[in-house]
Amino acid sequence: MAETVTITIDDRQIQAAPGEMLLWAALDNDIYIPHLCASREEAHPTASCRLCFVEVEGRPAPVPACTLPVTEGLVVKTRSPQVDSLVAMGFELLMSNHRLDCKNCSANGNCELQRIAKARKLRLKPKNLPVLDKNLPVDDSAANIVYDPNKCVLCGQCVRACRKSGNGTLGFARRGYLRVVTTFGGVPLGESNCTNCGACVKVCPVGALAQK
Ligand code: SF4
Ligand code: SF4
Ligand code: FES
């Protein structure tokens, strides 16, 4: 198999490792594609955030860049009316149950939601949908970590990091609108088997998990 393949992103030719997911090939070449849920180590991405859509030559509908392995001659565009509208809709939905409080947020200035909004000229505050605040209690019980589930975008990055570096304390519970990242049995972090390693805080792309 060839060591690299040549692909075209937004009319720019780049080299990438065959089979690598397009999202990483693009980001490594300073081509930004919005993303929240993907991680490089994951062999089977969940593609749950639905923000990394790209237009692929020869395909009838946009596809998530985090699930698209690169092959020789692949031609993609990161922007098109269809892609832009899918990303805008997904982002609006996400922000419609996000507690927006940038001024007081630990992630302010280093937040993936702010980055997406800036890159795609989208509003952080939804224009067309009402904001539904889940009003869940902020968990301040751990020694070094504060967790505000109202800011969580359910990307799953912390769950994976906790499984890898911590005790596997964090996981998803419930479905649909009630879906939440929590501990086994829903106990506060301070009463769980959390080791306070902070691996979850490092990977959280927003201000839901913060260092005290
Ligand atoms: S997570 Fe990001 S968008 Fe949300 S309040 Fe914090 S800084 Fe603002
Ligand atoms: S707490 Fe942060 S890292 Fe974990 S799922 Fe929510 S947004 Fe993602
Ligand atoms: S990064 Fe691709 S769907 Fe979330």
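The values are calculated or read from the model by the stated rules, or taken from the named source; none is laboratory data. Please read these numbers as outputs of a predicted model, since none were measured by experiment. Here the Cβ positions follow ideal geometry from the backbone for every residue, glycine too, while neighbour counts run over all protein chains shown. Surface accessibility is based on the protein's heavy atoms, side chains included, excluding ligands, DNA and RNA. Shrake-Rupley method; radii C 1.70, N 1.55, O 1.52, S 1.80 Å.
Just one residue in the set 115, 163, 123, 175 is basic (Lys, Arg), within 13 Å of ligand 2 (Cβ to nearest atom) and open to solvent by 60 Å² or more (accessible area, probe 1.4 Å); that residue is 163. Total residues in the range 126-160 satisfying the condition of being within 18 Å of the chain's Cα centre (by Cα) and open to solvent by 30 Å² or more (accessible area, probe 1.4 Å): the figure is 2. Pairing residues of the range 93-110 that are open to solvent by 70 Å² or more (accessible area, probe 1.4 Å) with residues that are within 16 Å of ligand 3 (Cβ to nearest atom), at Cβ distances under 9 Å and at least 6 apart in sequence or on separate chains, gives 93/50; 100/113.
Kindly indicate whether residue 83 is in the same structural domain as residue 43 (by the TED database) and touching a Phe, Trp or Tyr at 6+ places or on another chain (Cβ under 7 Å). Before the answer, list the steps.
Numbers: in the same structural domain as residue 43 (by the TED database): yes; touching a Phe, Trp or Tyr at 6+ places or on another chain (Cβ under 7 Å): yes.
Yes.
For the range 187-205, the set of residues classified as open to solvent by 50 Å² or more (accessible area, probe 1.4 Å) and of a type in the set (Gly, Ala, Ser) is empty. Quick one: is residue 152 at pLDDT 95 or above and over 21 Å from residue 34 (Cα atoms)? Considered against the rule, which asks whether it is at pLDDT 95 or above and over 21 Å from residue 34 (Cα atoms), residue 152 comes out as no.
Scoring residue 84 on the criteria (1) assigned to a helix (DSSP H, G or I); (2) over 16 Å from the mean Cα position of the chain (by Cα); (3) within 16 Å of ligand 1 (Cβ to nearest atom) leaves a single failure, condition (3). If you filter the range 65-81 down to residues that are part of a strand (DSSP E or B) and open to solvent by 20 Å² or more (accessible area, probe 1.4 Å), you find that the one that is nearest to ligand 1 (Cβ to nearest atom) is 77.
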